[in-house]
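Asks: First the structure, then my questions, so here it is.
The values are calculated or read from the model by the stated rules, or taken from the named source; none is laboratory data. Everything numeric in this text was worked out from a predicted model, so none of it was measured. All Cβ positions, glycine included, derive from the backbone under ideal geometry; neighbour counts span all protein chains shown. These area figures cover heavy atoms from the full protein model, side chains too; ligands, DNA and RNA do not enter into them. Shrake-Rupley method; radii C 1.70, N 1.55, O 1.52, S 1.80 Å.
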Amino acid sequence: MASADFPATFAALRDLMLTAAPDQLVVTDQPGDLVLHTRTVDPRTGKPVWFGAVTVARRSG
């Protein structure tokens, strides 16, 4: 995939994730990075459980 496709692909996946999981907690929402957690707290850590993410990352190599 050409790197020029990354912003459009991220935008489409971000919208899909937010539409499909409207009740989740948005932890990070910035260009190239969306992280969602559930509203359920993990009894071991006392923190919300990780739900999913959409991230633009470049692989080296």
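Asks: Choose one of PHE6, HIS37, MET17: the residue whose Cα lies farthest towards the positive end of the charge dipole of the chain (beta-carbon charges +1 Lys, Arg; -1 Asp, Glu; about the Cα centre).
Replies: HIS37
Asks: So, in nm, how far is label THR19 from label ARG59 when the simple model puts each one 7 Å beyond its Cα toward the Cβ?
Replies: The modelled label-to-label distance comes out at 2.8 nm.
Asks: Can you give the Rg/Rh ratio of the stretch 1-58, where Rg is from the C-alpha atoms and Rh is the Kirkwood radius?
Replies: 1.06
Asks: What accessible area per residue comes out for the chain, rounded to a whole number of Å², with a 1.4 Å probe?
Replies: That works out to 76 Å² per residue.
Asks: Hey, what angle do you get for helix 6-20 against the long axis of the chain, alpha-carbon based, 0 to 90 degrees rounded to 10?
Replies: Its long axis makes an angle of about 30 degrees.
Asks: With labels modelled as points extended 7 Å from the Cα through the Cβ direction, what inter-label distance (nm, one decimal) is found for LYS47 paired with PHE6?
Replies: 2.6 nm
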